[in-house]
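These notes are about the structure you will find just below.
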Amino acid sequence: MTFKYSQASLTRLATVHPDMQRVARRALELSPVDFSITQGKRTLDEQKRLYGKGRTAAQCRAAGVPESYAQPSAAKVTWTLNSNHLSGNAVDVAPFVNGKLEYDDSGKLGLWPKIAKAFKDAANELGVSIEWGGDWTKTKDRPHFELVR
Ligand SMILES: [Zn+2]
């Protein structure tokens, strides 16, 4: 099975470091599961908006984030303002199943380990060091892959 990135995925991929682009391209060739690139490089303002999700105005203010970005009732999506997405060293992906993104939050479909293996194999093959957010012990971030610098 060979999958192809959509134009939207390619546009996002083009914003990140060339090594991450190579790994992500090879990963899709190796992966038994189709996936999309959902996020590439972010601006600081985009990161601040994400930081506001799941945080109160006071928490935003304490972190130097505009209070208007606070969305305390939303789910938290990021743990830092110092994301590797800012430097273009990270991508987020999502499994693409039956024409839609399938985050497989329960893990029942077993999609993430397959995608992660494809990324790791691609990185090994290309001699690039990467980390998968799904391997992090404190807070797992399964859609996230970043270059180790
Ligand atoms: Zn990420």
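A few points about this structure:
- Scanning residues 5 or more positions from residue 38 or on other chains, those with amide H under 5 Å from its amide H are 92, 93, 94, with H placed 1.01 Å from N in the peptide plane.
- Vicinal HN-Hα couplings computed from phi for segment 115-121 (Karplus, 6.51 cos²θ - 1.76 cosθ + 1.60; Hz; Gly/Pro x): 5, 4, 5, 4, 5, 5, 5
- The residue list 91, 119, 139 was ranked by how far each Cα lies along the charge dipole of segment 36-149 toward its positive end, using unit charges on Cβ atoms, and 139 comes out on top.
- Average silhouette area of the chain, convex hull of alpha-carbon atoms, in square nanometres: 9.3
- Among 87, 106, 31, the residue with the largest mean-square fluctuation in a Gaussian network model of the chain, with springs joining Cα atoms closer than 10 Å, is 106.
- Other residues with beta-carbon under 13 Å from the beta-carbon of residue 18 carry, at +1 per Lys or Arg and -1 per Asp or Glu, a net charge of +3.
- The charge dipole of the chain, taken about its Cα centre with unit charges on the Cβ atoms of Lys, Arg (+1), Asp and Glu (-1) only, comes to about 240 debye.
- Gain in span if fully extended, residue 109 to residue 140, counting 0.36 nm per residue against the direct Cα distance: 9.4 nm
- The angle between the Cα long axis of helix 18-30 and the longest principal axis of the Cα atoms of the chain comes to about 50 degrees, rounded to the nearest 10.
Values in this text are rule-based calculations from the coordinates and carry no lab data. Only a predicted model underlies this, so the values are computations on that prediction, with no experimental measurement involved. Here the Cβ is made from the backbone with ideal geometry for all residues, glycine too, and neighbour counts use every protein chain on show.
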